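Where a number appears in this text, it was derived from the coordinates with a stated rule and is not lab data. Since this is a predicted model, take the numbers as computed values, not measurements. Reconstructed Cβ throughout: ideal geometry from the backbone, glycine too, with neighbour counts over all protein chains shown.
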Amino acid sequence: MWVSGASGSTSVYWNGVVVAVNARLPCAGGSGGLERYRAKPGADRVVCLNRLVTADTQKVVAARREIAASAERIFELIADPARQPGWDGNENLAEAPAGQRVRGTGEVFTMRITQGGTRHNHVVEFEEGRRIAWRPSEPGQEPPGHLWRWELEPAGDSRTRVTHTYDWSRLTDQKRLVRARATTADKLRASLDKLAELAESVQD
């Protein structure tokens, strides 16, 4: 990777291709995933930026699909944390204790993750059968800023349009940037597809 900045702007090159322009970010002492790149020979500056997160990085990703099941049935699979590992397409959720079914904002549910450890998930949006969103955190700490959201819209007889969103635009923990960037719309779509398989297999 090269950085050039000879004429008042900053271009980031990867394998000879410009991948970002004016993507300058403040230095952070070389910690937390930030790296210092020296300007291309002939340029007059050193630019500090995150090698994985540039100005072009999409920090709000979403996926949507229609599921052949009622909104109530689908929402039950989302709002009950014990059911969430069954549809997780991000390979992140391992297990949650039973009896944590979410009923409103301000609640916190716990989830053990596949990489080890536990997350406390703070519910910040809730409308029964229609919408739920939470911000994860490590136990005893404030949420670092990323958010998971589910929105359900009835689309006719026993059909529902479901939108799944991952928003890391307010993420402040540099250590989480790599995984945040790797959480693409394809991963969200994988969760939607697994959720659809579960919801459509359940019979009233």
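See the values below:
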quantity	calculated
Cβ-based exposure ranking for 187, 59, in which fewest neighbours within 10 Å come first	59, 187
All aspartates and glutamates inside 15 Å of residue 194 as judged from Cα atoms, apart from same-chain residues fewer than 8 positions distant	66, 76, 88, 91, 186
Positive-end residue of 111, 144, 93, charge dipole of the stretch 60-204 with Cβ unit charges	144
